[in-house]
Structures are given as C-alpha cells and as structure tokens.
Amino acid sequence: MPSDLWVMFRPAAAYSYLSKLPCHATRWTVVRRPLLMAVLLGCAVSLMTEGRLTPRLALPAAFYWSFLPLLQVGCVAVSYRRARSPRSLASAIDLFFAGTAPWMLWLAAYTSLWALAAPPRAYNWSGYHKLWYGLAILAGCWSAYIDFCYFRLVLGKTAAGAGGSLLFHRAVCWGFGLAVFVLPGGWQTVASWAGL
C-alpha cells in the first residue's frame with residue numbers, strides 16, 4: 001500500500017490529498033488494515049518466541065492481539081461521530097490505519113532481531129534498552145504527529161479538537177494495554193515489596 005509510506009513520511013500532504021479523493025469504501029476497506037495489524041502482531045509473537053513463523057503460534061496470537069486494532073477502530077468511530085467529515089466511517093478507519101507504519105516498522109526491527117539472531121545474541125542485543133526505548137519513543141512521537149494530522153485533515157477537526165481526539169485515543173489504547181500487560185505484573189511487584 002504505497003499510500004502508507006506517503007502518510008508515514010509526509011502525513012500532512014498525504015492526508016490532505018487522500019481526504020479529498022472520492023471514497024468507495026467496502027467492507028474489505030474497513031477490515032484490511034486492522035486485520036493486517038493483527039496478523040503482523042501475531043507473526044511477531046511467533047517469530048520472537050519460536051524463531052520462525054508457525055501458524056500454531058501466529059494465528060492465536062493474532063486473535064489475542066486483535067483487541068488493539070479493535071480499540072483503535074472504536075476510538076476512531078467515537079472521534080468520527082464528533083467530526084464534520086464527508087468521508088464514510090469505513091474510509092475514515094482505513095485512512096487512520098494507513099498511519100500505523102512507524103509502530104509496525106519498530107516492531108519489525110525488534111522482531112527481526114529475535115528471528116535472525118541466535119537467542120543468546122538476541123538477548124544481549126535486546127539488552128540495549130536505551131536504544132530500543134529511544135526508537136520506541138521516536139516511533140511514538142512520529143505516530144502522534146501522524147494521528148494529529150489525521151484528526152485535523154481527514155476528520156476536519158480544529159487543532160484543539162485534533163489534540164483532544166489524539167489524547168482520547170492514546171488514553172484509551174495505552175491505558176487498556178497497560179492495564180492488560182503491566183497491571184498484573186505491577187501488582188505482583190507491589191505485593192512482593194509489601195511482603196504479601
């Protein structure tokens with residue numbers, strides 16, 4: 001999907017142009033990019049745990065991780081209801097997911113490390129927390145800018161409205177993700193500190 005690269009490198013110009021194109025949204029339009037994200041997440045889990053792509057790991061992981069694209073679809077739908085966009089909801093969802101390339105590239109780089117290197121070497125390289133966290137922060141900041149451009153240019157929101165939609169989206173998706181993955185481990189850490 002060449003528009004994904006255009007959105008990643010020049011989001012304002014890309015969304016400005018793409019939002020003016022006639023939309024011929026179908027059911028496939030609304031499903032294709034969220035489904036691609038879920039499949040990529042499932043493949044990443046398989047490659048990082050097994051070192052190769054196996055359907056036995058990739059398919060269930062794609063199903064389990066599908067909550068992330070579904071949450072994003074829900075957040076876009078809420079923002080869409082409060083927008084003045086002439087586009088259909090299906091087209092708006094598709095254009096939103098065109099901006100997920102920074103995260104997907106970061107995930108592909110991290111997954112490649114685990115898939116291509118021997119486990120001891122991958123573990124040592126993954127120990128460069130500052131590098132991986134720095135790259136994740138860079139992907140997160142660029143992704144936030146892309147999403148801001150999306151809310152501003154595709155959904156037609158004011159700068160304040162686009163910022164509010166961006167904050168809402170991040171709070172819901174990151175909040176739920178942290179609750180699922182950090183809260184159980186965080187509770188165990190707090191319990192061990194408290195001697196429970």
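What to note about this one:
- Cα-Cα separations in the chain greater than 23 Å, expressed as whole percent: 50
- Karplus-derived HN-Hα couplings along the range 54-69 (A = 6.51, B = -1.76, C = 1.60, θ = phi - 60°), whole Hz, x at Gly and Pro: 10, x, 4, 9, 5, 5, x, 5, 4, 5, 5, 7, 5, 4, 5, x
- Using the Karplus relation 6.51 cos²θ - 1.76 cosθ + 1.60 with θ = phi - 60°, the per-residue 3J(HN,Hα) values for the range 111-116 come to 5, 4, 4, 6, 7, 9 Hz, with x marking Gly and Pro.
- Peptides 61-70, 166-175 ordered by average Cβ neighbours within 10 Å, highest first: 61-70, 166-175
- GNM result for the chain, Cα springs below 10 Å: residue of 134, 74, 163 fluctuating most strongly: 134
- Max mean-square fluctuation residue, GNM over the chain, Cα-Cα springs under 10 Å, options 183, 131, 113: 183
- Of 159, 101, 58, the one that fluctuates the most in a GNM where the chain has Cα springs shorter than 10 Å: 159
Readers should treat all values here as calculations from the given coordinates under stated rules, not as data from a laboratory. As the structure is a computational prediction, the values presented were derived from the model and not from experiment. All Cβ positions, even for glycine, are placed from backbone atoms using ideal geometry, and neighbour counts span all protein chains on display.
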